[in-house]
Amino acid sequence: GAARRFDSDVASASPGMVDYVVGAAPAPGGFVLATCDDPRQRRLLELYKLGEGPLYCFHNPCHLCHFEVPNSIARMALFADVPVRCAGAPRIDVVATAKRNLARGDVLDGIGGFCTYGQCEDANAAHARRLLPLGLAEGARIIVDKPRDSILTWDDVDLPRGGAHLELRRRQDVRFFGSSPLDRERPS
């Protein structure tokens, strides 16, 4: 499925990309599309039904947070094991991008909704360009008309005030970048 539907020319010209499938069948999950230069390995990938090339699909049929979070907590509590360790400053950020034309006054819905989708961006560039993180977009009111597929900035929205998520993001920005867009007024 996914390997045949994805543009292999786009994939091979890119150092890497992140995408998702809506309505994946028979079930959702996480997947990786990869290429292989070794003819022997390509034959085995086809034999194992991972695709016909040049892209091969590795699929994990479940990505169920309601299972993964308790398992991670149990690993930490029972085995003092850290399932995911922070490697330092953020390297990428997922920024909010207009899924459709957005008009002044529109209120953004959440991840997976009808207003925005996420794109990965270098974290330093996202901070410098004041790009709005997708995870903070829900409930924000658009104050400047934005065309479809344009990346939203902190200056394009009024965020609802309060909430631990905004304070945690502010602290993260200050710790790793020295400042936070949440501490500044919009440029005039």
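Readers should treat all values here as calculations from the given coordinates under stated rules, not as data from a laboratory. Nothing here was measured: the structure is a model prediction, and the numbers come from that model. Here the Cβ is made from the backbone with ideal geometry for all residues, glycine too, and neighbour counts use every protein chain on show.
Starting from the eigenvalues of the Cα gyration tensor, five times each then square-rooted, give me the equivalent ellipsoid semi-axes of region 37-188, largest first, whole Å.
One finds semi-axes of 35, 23, 16 Å for region 37-188.
Would you pull out the residues with amide H under 5 Å of Thr153's amide H, same chain only if 5 or more places away, H placed 1.01 Å from N?
Sorted by chain and number, the residues that satisfy this are Leu132.
In percent, how large is the relative contact order of region 92-178, given Cα pairs closer than 8 Å and 6 or more residues apart?
Relative contact order for region 92-178 comes out at 35 percent.
When you count, for each residue, the other Cβ atoms within 10 Å and take the mean per peptide, how do 159-170, 85-96 rank with the highest first?
Result, highest mean Cβ count within 10 Å first: 85-96, 159-170.
Within 10 Å, count the other beta carbons around each residue, average over each peptide in 38-44, 128-134, and list them highest first. Could you put the intermediate results ahead of the total?
Details: 38-44: 11.0, 128-134: 18.4.
Highest-to-lowest ranking by the protection proxy: 128-134, 38-44.
Quick one: Thr116, Thr153, fewest Cβ neighbours within 10 Å first, how do they rank? Write down the numbers at each step before the final one.
Numbers: Thr116 26, Thr153 18.
Ranked by crowding around the Cβ, least crowded first: Thr153, Thr116.
Among Lys99, Lys146, which comes first, then next, by fewest other beta-carbon atoms within 10 Å? Don't skip to the answer; put the middle values down first.
Details: Lys99 15, Lys146 24.
Taking fewest neighbouring Cβ atoms as first place, the list is Lys99, Lys146.
With 10 angstrom as the radius, rank Tyr56, Tyr117, Tyr48 by how many other C-beta atoms surround their C-beta, starting from the fewest.
In increasing order of surrounding Cβ atoms, one gets Tyr48, Tyr117, Tyr56.
Out of Gly163, Asn101, Leu152, whose Cα points farthest toward the positive end of the dipole of region 92-178 (charges: +1 Lys, Arg; -1 Asp, Glu; placed on Cβ)?
Of the listed residues, the answer is Gly163.
Magnitude of the Cβ-charge dipole of region 84-187, K/R +1 and D/E -1, about the Cα centre, nearest 20 debye?
Approximately 180 debye in magnitude.
Quick one: 3J(HN,Hα) in Hz for region 147-155, Karplus 6.51/-1.76/1.60 with θ = phi - 60°, rounded, Gly and Pro as x.
x, 3, 6, 8, 7, 8, 10, 4, 7
Once fully extended, how much extra length lies between Ala80 and Ile143, figured as 0.36 nm per residue of separation less the alpha-carbon to alpha-carbon distance? Provide the component values of the computation, followed by the final result.
Working: separation 63, 0.36 × 63 = 22.68 nm, distance 4.69 nm.
Result for the pair: 18.0 nm of gain on full extension.
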